[in-house]
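Structure record follows, encoded as structure tokens.
We did not get these values from a lab; they are worked out from the coordinates using the rules stated. Keep in mind that this is a model prediction, so the values were computed, not measured. Here the Cβ is made from the backbone with ideal geometry for all residues, glycine too, and neighbour counts use every protein chain on show.
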Amino acid sequence: MFTGIIKETGRVIRIENKMTDKEIKVQCSKILKNLNTSDSVSVNGICLTITGIDNNGFTCDVSFNTIKNTSLSNVKAGELVNLEDSLTSSDKLGGHFVNGHVDCTAKILKIFKTGRSYTIEVELPPDIRDFIALKGSVAIDGISLTIAGVKNDSFSTVIIPYTFENTNLSEKHPGDIVNIEVDMLARYVINFLKNSEMGNADSQKIKDRILKEKLKEHGFTE
């Protein structure tokens, strides 16, 4: 479990193919003192298990399933990644609960500056549309962010200068692929509403209509 508050950025310095899997080494310094072999660590929002540590960084195995479903399918040596060690009972919960289980990847459509802050617009895959709500939470490459705008096929968040400069967003460009994890509370709410008073619905269209009505009733949509 993580919070989406990035502790450090690191660099991928080695990638080795291991049959259908990969092993990656990430160079970092700040979070090393809190890490041990077999610990979980978030790398761009992906929960990975540490298989080795030295003074220069840590290594992780990446399964074929993770490669298939996250941006690690395209990871390159030298790439900047967001890092967060796992949440402890004494930590502050500054962001929101993040599992490190990526729901999908999405393409960055726009990045532009307004005043001192930055707006990032990301495509909105249909599979997660129900979980993305104005002022709700979302994790982009493991960063806890607040949703500032929602369109039919995209959503946007506003990034303060500190977050932009201290995460991998500082090196991102339109067209780059990022990992998306929806808010787990939104997931549970949607699941509850889908299964509440909908058992007798005869068609998907009716179920979708009921869901939309319930989301509006409970204040999740306008």
- How far apart, in nm, are the 7 Å Cα→Cβ label points at Lys68 and Asp39? 3.1
- the stretch 163-195 residues near the modelled Lys151 label - backbone nitrogen below 19 Å, point 7 Å along Cα→Cβ: 173-178
- Task: With r as the distance between the Cβ atoms of Arg209 and His101 and R0 = 30 Å, compute the FRET efficiency 1/(1 + (r/R0)^6) and round to 0.05.
- Result: 0.50
- Message: Need the full-extension length gain, Thr119 to Glu165, defined as separation in residues times 0.36 nm minus the C-alpha distance. One decimal, nm.
- Response: 15.2 nm
- Message: Can you compute the helix-only [θ] at 222 nm over the chain? Use -39500 (n - 2.57) per DSSP H run of at least 4 residues, normalise by all residues, nearest 500 deg cm²/dmol.
- Response: -5000 deg cm²/dmol
- In which sequence would Phe58, Phe112 go, from the one with the fewest C-beta neighbours within 10 Å to the one with the most? Phe112, Phe58
- With a point put 7 Å past each Cα toward its Cβ, work out how far Thr49 is from Thr88 in nm, to one decimal. 2.2
- Note on the structure: Taking every other residue with Cβ under 9 Å from the Cβ of Phe2 and scoring Lys and Arg +1, Asp and Glu -1, one gets -2
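When N counts the residues of the chain, how does its alpha-carbon radius of gyration compare numerically with 2.2 N^0.38 Å, as a ratio? Don't skip to the end; give the middle numbers.
On the way: Rg = 18.4 Å, N = 222, 2.2 N^0.38 = 17.1 Å.
Taking N as the residue count of the chain, the ratio is 1.08.
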- Going by average Cβ neighbours within 10 Å, how do the peptides 32-39, 133-140, 154-161 rank, with the highest at the top? 133-140, 154-161, 32-39
- Message: Can you compute the modelled spin-label distance between Leu185 and Ala77, with each label point 7 Å from Cα toward Cβ, in nm?
- Response: 4.4
